[in-house]
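For reference, the structure is listed below as C-alpha cells.
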C-alpha cells in the first residue's frame, strides 16, 4: 500500500521538503499570474452559450432546491442519530485549505506542491481532496509546503470499493489519466458508471471518499475516471485524518478480568464504558477507555 | 576565451543569465495546467542552459549546469539527480566549442539543440527508470521533446536577433 521507492528516501524527502519550503514563496509568486489568466479561455468561449447555459442553470437550480431540502432533512436526522450514539466525525472545518503552488509535469512523478505545511497541521499520509473528490495523499511535508502524490502516480495504491455492491479493489496509478482497478476478484460485482469510493481498508484513508466512476477497458479490465479531474487541481483541502492503528492484543483485559474474578470468587463481568464511537476509527478498547476515564 | 567586448560589462549579462535560469525553473514547476489548453511544457531550463552555454560559456560551467538540473529535480519531485545528470552529460557532449562559440545561423543551432535534447531525455529516462525501480512513463518525455523542438527555434531566433543588434552579445 502506497509504496515509497528508494529515490524518495527519508533523507532526500526532508532535504527536498526544506528546499521547497524556501522555494514555495517564489513558486507562489510565479503561480499568481497563471491563476489570474486561467479563466480567460473559458470566459471567451462561454460568451456565445450564455443564454442557453443560463436556462439550463435555472432548471438545475429548481432541481437543486429539492435536493437542498432533502439534504437539510437528512442532516437533521443524522444529527439526532449522532447525538444518540455520541458519534464523533471529522468536522468539515478541521480541513486545511491550500493552493497549488507548483504543478510539475514529467514522466517520473505525478504530484502537486501545495502552499501549506506542518506549521498549518499538514502531515505525511493525510488525504487531499478537492471540490469533486479525492486527489491524492501528502507524502513530503515541509514547514510551509507539502507535496501531494496524485492518484495517477506510478506509486499510488489506494484501497477502494464499489459504492453499490461494496466489491473491494485496489486503485493503482500508472501515470495515465485513468488509474486502473486491480485485485477485483474472479466475478466482481461492478458495472460501467459505478461510483467508486475509498474503502477505508487498512485504515490508511477514511471510508467513503468519492474517487471516480468505473470505466471498462477493451482488455476486460477496469479503470477509473477520476472525479477530481473535472477541473484543474488548484484549491484543495487536506484532511487531517489520523490513521487507524491496529488494536492491541484484545485478550489481555478479558483474561485479567477472569483472573481477578476467580481470585475474588465472583462472576467475571466486563462492562463497556460510555465511549464515543468514532465514524472513521475503530471503537476504543474497553480497558483502554476505562483507563482514560479513570481520574 | 572571453572577447574584449564581453569583458567590459559582464555583470548585466550575469544578472540576466541568473534571471533567465530562475525564470525557466519557476516556469517549469509553475501550475501552467490551470490555464485551459496548455498541456505541453517544453524543457525550458535546458533551452536556457544550451543558449547561455553557446553565448557565454564561462557562465555555464559544469557545476552550474549540474546545480540547475538538481534544482529542477528538487522543484519537480523527480528522483534526485536525474535531470542534473542528463543536463550535464548532454551539454558536455553537444555544447559549442572553439573560438567563435555559437554560430550566427539558426539551422545549425537548432540541429545541435535537437541532439542535446534527445540525449538529455534518453539519459533522464534511463536514470529515472533505474531510480524508480520500474520503467518510467515515456509519453511525457516524448511530449516534452516535441514541445521543446517546436518552441526552441523561436527562442533561438530572438536571441540571435538580439545578438546581431548588440555586438556585445545576448543581453550583455
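A few remarks follow.
- Taking the Cα atoms of the stretch A:99-223, the ratio Rg/Rh between the radius of gyration and the Kirkwood radius comes to 1.00.
- Summed over all non-identical Cα pairs, the Kirkwood treatment of the stretch B:4-165 gives a radius of 16.3 Å.
- Projected label distance in nm at residue A:219 and residue A:86, using a 7 Å step from Cα toward the beta-carbon: 5.2 nm
- Cα coordinate range in the stretch A:43-85, projected on the principal axes (Å, largest first): 53, 19, 6
- Look at the stretch B:75-87: the mean tally of other chain Cβ atoms within 10 Å of its residues' Cβ atoms is 5.
- Placing a label point 7 Å from the Cα of residue A:195 along the Cα-to-Cβ line, the residues of the stretch A:208-223 whose backbone N sits under 13 Å from it are A:208-214.
- For the stretch A:181-240, a/c is not less than 1.5, where a ≥ b ≥ c are the root eigenvalues of the C-alpha gyration tensor, and a/b does not top b/c. That puts it in the oblate class.
Values in this text are rule-based calculations from the coordinates and carry no lab data. Not measured: the values here are computed from a predicted model. Because the Cβ atoms are built from the backbone with ideal geometry, glycine has one as well, and the counts that use them run over all protein chains shown.
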